[in-house]
Amino acid sequence: MKAGDGRRETGGGKNSRLSMTFARLRAQGRTGLIPYITAGDPHPRHTVALMHALVEGGADLVELGVPFSDPMADGPVIQRACERALAHDTHLRQVLDQVAQFRRRDPHTPVILMGYLNPIETMGLGDFARRARDSGVDGVLIVDLAAEEAPELTPALKAEGLDCIFLLAPTSTVPRIRLIAGESSGYLYYVSLKGVTGARTLDVASVKSRLAEVRACTELPIAVGFGVRDAKTAAALGRMADAVVVGSALVSEIEKFKSRPAVLPRKLSAKLRSMRNALDSLPASRLASPDSRPLTPVPRSL
Amino acid sequence: MAHEGYSDSMTDFSQVPDARGHFGSYGGRFVAETLMEPLRQLEEAYFRLRSDPAFCAELDRDLAHYVGRPSPLYPATRLTQAWNGAEIYLKREDLNHTGAHKINNTVGQALLAKHLGKTRLIAETGAGQHGVATATVAARLGLACVVYMGVDDVQRQSPNVYRMKLLGAEVVPVSSGTRTLKDALNEALRDWVAHVDDTYYVMGTAAGPHPYPLLVRDFNAVVGREVVQQSQTLLGRFPDALVACVGGGSNAIGLFHPFLPHAQVAMYGVEAGGLGLKTGRHAAPLSVGRPGVLHGNRTYLMADRNGQILGTHSISAGLDYPGVGPEHAWLKDLGRVRYVAVTDRDALAAFHELTRTEGIIPALESAHALAYAKKLAPKLGRDKTMVVNLSGRGDKDIFSIARREGIALT
């Protein structure tokens with residue numbers, strides 16, 4: 001389907017797992033927790049168990065990385081995770097199988113695939129979208145797909161009910177935020193710092209002011225990630241975001257215990273639980289505080 | 001001579017890329033969001049400055065007095081005799097300051113960086129020629145410089161590593177992935193994302209996200225413009241054929257671009273055939289790859305059936321790259337340029353032949369163009385003329401060639 005032929009698909013829609021998850025979080029006044037791991041790391045046979053462990057540790061949805069040979073937006077931790085996964089031939093089709101297997105035990109937790117465009121295009125967008133839907137994937141975040149290039153590519157994904165999540169960055173201008181929000185469905189992922197995944201220069205104050213600008217442009221839920229390494233940073237960002245994404249901190253844990261995979265589910269679960277507890281101890285009234293998003297949408301006109 | 005298979009006189013080559021940086025279905029801007037606004041700012045600055053007479057005059061001055069342009073168009077009479085066919089002219093980019101065409105681009109991009117108020121230059125490099133050219137302009141402008149280079153390339157191009165260090169650049173060896181040019185490019189992009197406020201990324205080839213393929217082409221097109229003039233003066237007409245090596249493709253597009261509208265000029269881009277196209281050990285995405293997305297643009301790539309980028313092989317570090325500039329991808333589909341490949345062995349033979357026949361030691365990259373020119377010359381015939389882009393000099397390669405040929409240098 002081409003953009004502009006009168007039929008515009010919107011991805012998962014209001015009754016999707018993803019929308020329901022964010023609606024529930026909003027109703028409960030809670031901040032969502034989104035862990036990221038790279039599929040196939042340290043070995044593909046552990047991935048499904050690790051996904052379940054993440055849910056047990058308090059994940060509201062799971063971002064599963066699709067290994068790519070040239071992950072140019074990722075820091076060394078996730079690069080090495082990709083190399084470990086590719087060493088055991090974890091490619092897109094294997095990742096889809098893992099999601100299907102995860103779904104047999106967990107029909108509720110949304111799963112987002114995060115990766116780069118080339119493996120997806122190689123499978124074929126339409127083919128990928130159908131297989132992803134059949135496997136129980138809820139959405140896709142393609143790191144190197146800019147909003148400008150999206151209108152030619154995402155309709156094929158949205159047509160199968162997949163949400164397309166886009167990144168926002170500290171460098172995104174207001175016109176770009178509007179453009180990106182228009183292409184996105186499900187949620188928006190705000191990259192909290194100028195850098196690659198796992199960097200250590202998080203500036204909470206600047207995230208706060210940028211998020212206010214983003215809120216003025218969109219009603220989509222906003223997840224914040226890059227640089228979230230512990231319960232403290234998670235809580236700091238959790239005060240202003242709808243969800244917090246934690247990736248490299250978990251992948252570092254996998255790397256640390258890769259030779260003892262039996263302990264990995266417990267380690268990951270515990271690590272995530274500390275963040276979950278920190279987020280849940282945030283005052284529920286934060287949503288009504290003047291520096292947070294009001295419950296009623298902000299008017300779009302500026 | 002019209003190129004076989006190319007007869008489209010309707011294509012307006014001045015209209016590409018389009019506003020979004022597309023060459024047909026190739027090119028574009030496929031990067032993480034953080035880089036989109038910096039790329040837009042770069043594009044805006046470039047469009048403003050390229051029509052600014054003061055900027056153009058400054059660039060022309062640098063090209064004349066710092067780079068040493070114009071470079072000669074040299075009639076290689078002994079080579080012509082030896083190859084027994086078309087008359088061979090060598091475009092002597094090897095005579096530029098720093099010894100390759102790469103300086104045309106870095107001088108231009110350094111001026112852009114200066115106008116953008118950036119204080120730090122970063123670059124990726126394969127053979128080290130682009131790294132040296134970037135370190136050179138950084139030294140001249142008093143800018144900090146960091147060059148990313150695959151560990152394997154650091155070893156096989158050690159003279160250039162030392163040159164960069166002498167020039168004050170920091171050379172960062174990249175040990176991720178296949179430890180060559182593509183991984184150096186990943187690392188440079190990561191650096192840029194993290195230091196986007198004060199840092200200018202000097203992309204070394206006509207690839208990457210828009211506007212790099214456009215501006216690298218434009219800065220190198222001085223080569224082709226000079227050949228347009230020089231061939232008129234020397235021959236009274238355009239050459240019948242142009243031959244250039246293609247890794248990312250900046251020297252080739254620089255030579256080709258001004259000639260694209262002139263259908264009587266045939267063009268050949270020569271990729272690195274490595275150990276042979278059938279072995280899979282090569283770096284020839286246009287010859288045997290297929291379209292995909294890498295490093296910010298859609299182009300021909302060497303990738304496996306899962307879409308993972310393949311490791312490449314070439315005797316020449318500067319051609320050892322699994323992608324190619326998007327304009328070449330477009331020109332291939334259009335049939336305007338013919339893309340071929342030559343093996344390591346043929347390139348090495350051409351390296352020796354030019355050295356002994358004309359007293360010019362070519363870069364191994366340029367030796368690929370020479371090796372194909374040798375095949376083409378007798379086919380074209382004696383009444384035809386051919387320009388081969390001698391994109392760089394071979395001093396950097398003599399150590400690895402000696403090693404390969406079992407000669408101990410102390």
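So which strands (runs of 3 or more DSSP E) stay within region B:164-271 end to end and still have 2 or more residues that are open to solvent by 10 Å² or more (accessible area, probe 1.4 Å)?
Where strands (runs of 3 or more DSSP E) fall fully within region B:164-271 and carry at least 2 residues being open to solvent by 10 Å² or more (accessible area, probe 1.4 Å), they are B:170-174.
So, of the residues in region A:158-188 that are open to solvent by less than 10 Å² (accessible area, probe 1.4 Å) and within 12 Å of A:G225 (Cα to Cα), which turns out to be farthest from the chain's Cα centre (by Cα)?
The selected residue is A:A169.
Look through B:A133, B:A123 and report the one residue that is of a type outside the set (S, T, Y) and farther than 23 Å from B:I361 by Cα.
The match here is B:A123.
Could you please let me know if A:A216 is of a type in the set (A, V, I, L, M), more than 14 Å from every other protein chain (Cβ to nearest Cβ) and more than 25 Å from A:G115 (Cβ to Cβ)?
For A:A216, the condition - of a type in the set (A, V, I, L, M), more than 14 Å from every other protein chain (Cβ to nearest Cβ) and more than 25 Å from A:G115 (Cβ to Cβ) - is met.
Please verify whether region A:181-196 includes one or more residues that are in contact (Cβ under 8 Å) with a residue 60 or more places away in the chain and within 11 Å of chain B (Cβ to nearest Cβ).
Checked region A:181-196: at least one residue is in contact (Cβ under 8 Å) with a residue 60 or more places away in the chain and within 11 Å of chain B (Cβ to nearest Cβ).
All but one of (1) more than 14 Å from every other protein chain (Cβ to nearest Cβ); (2) part of a helix (DSSP H, G or I); (3) over 15 Å from the mean Cα position of the chain (by Cα) hold for A:A81; state the number of the condition that does not hold.
(1)
Restricting attention to region A:213-250, which residues are assigned to a helix (DSSP H, G or I), of a type in the set (D, E, K, R), in contact (Cβ under 8 Å) with a residue 40 or more places away in the chain and within 17 Å of A:S184 (Cα to Cα)?
Hit for region A:213-250 is A:R215, nothing else.
Looking at B:L59, B:L79, B:L39 in this structure, which one is modelled with pLDDT of 95 or more, within 14 Å of chain A (Cβ to nearest Cβ) and out of contact with any His (no Cβ under 6 Å at 6 or more places or on another chain)?
B:L39
Taking A:L54 as the residue in question, decide whether it is in contact with a strand residue (DSSP E or B) (Cβ under 7 Å, 6 or more places away or on another chain) and surrounded by fewer than 24 Cβ atoms within 10 Å (Cβ to Cβ).
no
From A:G195, A:G225, which residue is farther than 25 Å from A:G11 by Cα and open to solvent by less than 20 Å² (accessible area, probe 1.4 Å)?
A:G195
Could you tell me how many of the residues in region B:18-36 are more than 7 Å from every other protein chain (Cβ to nearest Cβ) and either open to solvent by 10 Å² or more (accessible area, probe 1.4 Å) or outside any loop (DSSP other than H, G, I, E, B) (or both)?
Of the residues in that region, 9 qualify.
The values are calculated or read from the model by the stated rules, or taken from the named source; none is laboratory data. Note that the structure is predicted; figures quoted are calculated from it, not measured. For neighbour counting, all protein chains shown are included, and Cβ atoms are generated from backbone atoms with ideal geometry for every residue, glycine included. Each accessible area value is taken on the protein alone, full model and side chains, heavy atoms only, with ligands, DNA and RNA left out. Shrake-Rupley method; radii C 1.70, N 1.55, O 1.52, S 1.80 Å.
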